[in-house]
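The values are calculated or read from the model by the stated rules, or taken from the named source; none is laboratory data. Small disclaimer: the values here were computed from a predicted structure and weren't measured. Here Cβ is always computed from backbone atoms with ideal geometry, including for glycine, and neighbour counts include all displayed protein chains.
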Amino acid sequence: MVPDELKQHIGKIDPPHVREIEKGAIRRYAEAVGDDNPLYYDEEYAAKTRYGGIIAPPGFFGWSIKPATASEGIIGLMTAMIEAGYAGILDGGMAYELFLPVRAGDTLVASPKVKGVTAKEGKSGTMMVCQFEVAYLNQNGDLVAKAFQTLIGRKL
């Protein structure tokens, strides 16, 4: 059973935050994940493709211009998880739906939302499985991607 102090965060949306997509950051991210596709760093090559220029690798949505602020959404849920004793937090995975390429020079607005919290019984006791969704809109208001993340909390 999911405690009420966790349930109250379901459906909460964090304040949107702005992220900038910079060409050098795209290259550094591609290098960090070991992806040497020239679409991510070679302007001449990228210009000749259907994209017409450098794009970001899947999963790279730039860096926030300002740090995230406290909220009732994701940060609030994580705080409530710790206070409820579920401080053993494990990354349960990430998935993406990609709609449009993210380009160098884009400005994205990210809107994180708490999608759900469910209780699961495991060998070590009850775990809380939290699902989050982040929608990314570009400067034109177009949906470029959705990210889906799962975090698992267990009592220590």
If we keep only residues of the stretch 66-85 that are β-branched (Val, Ile, Thr) and at pLDDT 80 or above, then the residue surrounded by the most Cβ atoms within 10 Å (Cβ to Cβ) is 74
* Please indicate, with yes or no, whether at least one residue in the stretch 52-61 is surrounded by 14 or more Cβ atoms within 10 Å (Cβ to Cβ), in a strand (DSSP E or B), touching a strand residue (DSSP E or B) at 6+ places or on another chain (Cβ under 6 Å) and not assigned by TED's automatic domain parsing to the domain that holds residue 134. => yes
Of the residues in the stretch 45-59, those that are over 15 Å from residue 24 (Cα atoms), under 24 Å from the mean Cα position of the chain (by Cα) and of a type in the set (Gly, Ala, Ser) number 1
When the stretch 23-41 is checked residue by residue, the ones that are without any contact (Cβ under 8 Å) to a residue 12 or more places away in the chain, at negative phi and part of a loop (DSSP other than H, G, I, E, B) are 36
Would it be correct to say that residue 11 is surrounded by fewer than 15 Cβ atoms within 10 Å (Cβ to Cβ) and not in a loop (DSSP other than H, G, I, E, B)? no
Point to revise | Residue check, residue 125 at pLDDT 90 or above, surrounded by fewer than 19 Cβ atoms within 10 Å (Cβ to Cβ), more than 16 Å from residue 17 (Cβ to Cβ) and small (Gly, Ala, Ser) | key: no
